[in-house]
Every structure is written in C-alpha cells, then in structure tokens.
Amino acid sequence: MRPATADRRATARTPPAEQSTLRLALHVARRDLAVEAATRDTLSSVLPFVVVAVVLAGLAFGPSRAVLEAVAPGLVWLLVLTAAVPLARGGAAAELDDDARDLLRTVTRPTALFLGKTASLWVQTALTWAVAAALVAVLFDSGWTASALIAGLLGTLGIAADTTLFGTVLG
C-alpha cells in the first residue's frame, strides 16, 4: 500500500473531535452548499431579485451615462447587502427544519462552524456580487477594473463573516 493511500484512509477514519479545524470547516461549507444546491430556494429568489433591481434602477436613473456610472458601484453593493440576509437565512432555515442546528453545534468546534458557514455564505454572496456587477457593467455601460474585482472578493468576505457572526452563530 502506498503511503498517500494510507494517509487518506487514516484521515477518513479520524473521529471529528481529532480532525483539524480547517477540515471540519470545509465539511460544514460543503454541507451548506450541498443543501443550497439541492433545494435551490435561496438563490432562486435572490438572483431574480438582483436582475429586476438592476433593470428597475436603470429605468429609474434615466438614460444619462454619467448618472449611471456614478450610481453603478453603490447599486451593486446595495444589492449584495440586501441579498445577504436571505442568503444567510436559507442555510439556517434548513438546519432548523431538520433539527440539525444543535447537533451541528455539538459535533463541530465553534471556530470550524464559523469558518465553514462563512465560506459557504462567501461563495453565495460572491456569486450575487458577480451577477450584479456583470449586469450593471453591461446595462449601465460601465467597466470592471482589477481593483473592483479585489474589492468584490474582500467585501463579500467581510459581509459573509459579519452576517454569519451575527445571524447564525449568535442567533
């Protein structure tokens, strides 16, 4: 037997209490994303909201290119902040429906639970940001910059961490 295979088998049999925090966080994140992928409840309501909001904002602000370019970044972040609440509730609601919340807190370290839920919410908020930013770039005829992409990744990470801390871990 090769050493790499033996290491993988030993890791697979390691009890949760002895697994690393990052490995447990990865399990929590994969679980939350799998639940969202299976139900499609949250993203199926958030993404249409983003599309409609961008189109309505374009109509509300008028045809002036200068106005549209001025409001574009703020509109993207307003949509991401608005969408963060239902995105966080989606994962929490699935746990409450299955009575899995207390069990998950019992078998997972608080740090791993926080990191895993933050990672899962980060993926969802980053997807929301990317859709909103792409729509705004196309419909408002504004461009993307490298700094906007970095701000999008870091900003959605901060929103995901704050929302997770106040919404699912303390709630």
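Here R105 meets each of (1) outside any helix (DSSP H, G or I); (2) open to solvent by 80 Å² or more (accessible area, probe 1.4 Å); (3) modelled with pLDDT under 85 with one exception, condition (1). Restricting the first member to the range 47-72 and to residues that are over 28 Å from A37 (Cα atoms) and assigned to a helix (DSSP H, G or I), and the second to residues that are open to solvent by 60 Å² or more (accessible area, probe 1.4 Å) and among the charged types (D, E, K, R), the beta-carbon pairs closer than 9 Å and six or more apart or on different chains are R65/D141; L68/D141; E69/D141. For the range 46-64, the set of residues classified as more than 30 Å from T108 (Cα to Cα) and surrounded by 11 or more Cβ atoms within 10 Å (Cβ to Cβ) consists of L47, F49, V50, V51, A53, V54, V55, A57, G58, F61, listed by residue number. Among residues that are under 30 Å from T108 (Cα atoms), free of Cβ contacts under 8 Å to residues at least 60 places away in the same chain and within 20 Å of the chain's Cα centre (by Cα), A29 is not included. Scanning the range 134-163 for residues that are crowded, with 18+ Cβ neighbours inside 10 Å and farther than 24 Å from P48 by Cβ yields a count of 0. Just to be sure before I move on: is V131 crowded, with 19+ Cβ neighbours inside 10 Å, under 24 Å from A66 (Cβ atoms) and out of contact with any strand residue (DSSP E or B) (no Cβ under 8 Å at 6 or more places or on another chain) in the structure I sent? So V131 fails the test.
The values are calculated or read from the model by the stated rules, or taken from the named source; none is laboratory data. All of these numbers come straight from a predicted model, not from anything done at the bench. All Cβ positions, glycine included, derive from the backbone under ideal geometry; neighbour counts span all protein chains shown. Areas reflect the complete protein model, heavy atoms only, side chains present, ligands, DNA and RNA absent. Shrake-Rupley method; radii C 1.70, N 1.55, O 1.52, S 1.80 Å.
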